[in-house]
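Asker: I'd like to ask some things about the structure below.
The values are calculated or read from the model by the stated rules, or taken from the named source; none is laboratory data. Fair warning: this is a prediction, and the values are worked out from it, not measured in the lab. Reconstructed Cβ throughout: ideal geometry from the backbone, glycine too, with neighbour counts over all protein chains shown.
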Amino acid sequence: MYTQLRETATELANVLWREHTVYRERGGGFVIRGEHVQRWISLAPTGGRNEALVRVGRILEGGTTAPARSEQIVRLDAGTSELAATCRRLLADAAVEPSRPVRAQATGPDRGGSKGRKGRRPRRARHTSFTSWVVIVCVAGVVAVFAYASATR
């Protein structure tokens, strides 16, 4: 199944984009990255025979990938041209889908500040929690008892 999926992903990448990278995911599927169009396509095996789950999404600034915006189960024996048409339709759907906006993560030197935090409460400074204080006091107590016991010998 995986060799068929890899061959299909490679053929599909050659049909869709002139510049692409095909690599294997942890789950056994394959990803086609088109850096020049800022999109990715994933082909993942499903429980069915000769079927794959095709998901498409965007590539954000900095090279990170946004979550999938569209997905569909396709038959692998349908042919490369039919798979390419399905992927093009999913890519077009993902490009115009306003219901699930994908925010780019902040990168670069201007990450801090309150620009991205409008409407939220300001962050509290981090303090040592009660549990941490209990652990510190217990460790200090054990050290003190050990020091007292060794001094009285």
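Asker: Restricting to segment 8-18, what's the tally of residues that are surrounded by fewer than 16 Cβ atoms within 10 Å (Cβ to Cβ) and either polar (S, T, N, Q) or at pLDDT below 85 (or both)?
Answerer: The total comes to 3.
Asker: Answer yes or no: is there a residue in segment 70-90 that is free of Cβ contacts under 8 Å to residues at least 12 places away in the same chain and over 15 Å from Glu11 (Cα atoms).
Answerer: yes
Asker: I'm trying to understand the selection: among the residues of segment 20-67, which are in contact with a helix residue (DSSP H, G or I) (Cβ under 7 Å, 6 or more places away or on another chain), within 19 Å of Leu83 (Cβ to Cβ) and not small (Gly, Ala, Ser)?
Answerer: Selection gives His20, Val22, Phe30, Ile32, Arg39, Ile41, Leu43, Pro45, Asn50, Glu51, Val54, Val56.
Asker: Residues in segment 42-60 that are within 13 Å of the chain's Cα centre (by Cα), closer than 14 Å to Glu71 by Cβ and among the hydrophobic types (A, V, I, L, M, F, W, C): how many?
Answerer: Residues that pass the stated criteria total 1.
Asker: I'd like the full set of residues that are at negative phi and surrounded by fewer than 16 Cβ atoms within 10 Å (Cβ to Cβ), limited to segment 19-36.
Answerer: Residues satisfying the conditions are Glu19, Thr21, Tyr23, Arg24, Glu25, Arg26, Gly27, Glu35, His36.
Asker: Just name the residue that is farthest from His36 (Cα to Cα) out of those in segment 62-93 that are surrounded by fewer than 18 Cβ atoms within 10 Å (Cβ to Cβ) and either in contact with a Ser or Thr (Cβ under 6 Å, 6 or more places away or on another chain) or among the hydrophobic types (A, V, I, L, M, F, W, C) (or both).
Answerer: Here the residue is Ala78.
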